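What follows is calculated from the coordinates using simple rules that are stated; it is not laboratory data. Because the structure is a prediction, the values reported are computed rather than measured. Note: ideal-geometry Cβ built from the backbone for every residue, glycine included; neighbour counts use all protein chains shown.
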Amino acid sequence: MQIKASINFEYENAKQAKIALKALQPDNKGFIDSYNLDNKLICKLNSDSLKTILATADDLIFCEMMVEKLLELVK
């Protein structure tokens, strides 16, 4: 069975969304397809296992929280 999930992060502007995409890409290569849409970061997850989807989503959300903290510092 193929399991799919989408996680969307919304930022104040497109520049912040692009920074988040660049910051998260190295960690997500091969696991998550990510792209920007205006001021959003869209992350698509695919796996054969619910356990893998949940672990990947947990890791993604944790890493994105770090990106948010860094964006607050550079405002």
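Once the cut-off is 17 Å, how many percent of the Cα-Cα pairs in the stretch 3-73 end up in the long-distance tail? Can you show the working numbers first?
On the way: 913 of 2485 pairs.
Tail fraction, whole percent: 37.
Would you work out the relative contact order for the stretch 3-73, in percent, from Cα pairs under 8 angstrom that are 6 or more residues apart?
For the stretch 3-73, the relative contact order is 37 percent.
Using R₀ = 25 Å, calculate the FRET efficiency as 1/(1 + (r/R₀)^6) where r is the Cβ-Cβ separation of Lys29 and Met1; round to 0.05.
Given R0 = 25 Å and the Cβ-Cβ separation, E is 0.55.
Straight distance only, please: which aspartates and glutamates reach the Cα of Lys75 with their own Cα at less than 17 Å, same-chain residues fewer than 8 apart left out?
Counting by Cα, and skipping residues close in sequence, Lys75 has these aspartates and glutamates nearby: Glu10, Glu12, Glu64.
To the nearest 10 degrees, how steeply does helix 50-73 sit against the main Cα axis of the chain, on a 0 to 90 scale?
With both axes taken from Cα atoms, the answer is about 10 degrees.
Can you tell which of Lys15, Lys44, Lys29 shows the greatest fluctuation in a Gaussian network model of the chain with Cα springs below 10 Å?
Lys29
If we restrict to alpha carbons, what Rg and Dmax does the stretch 33-75 come to, in Å?
So, for the stretch 33-75, Rg and Dmax equal 12.6, 40 Å respectively.
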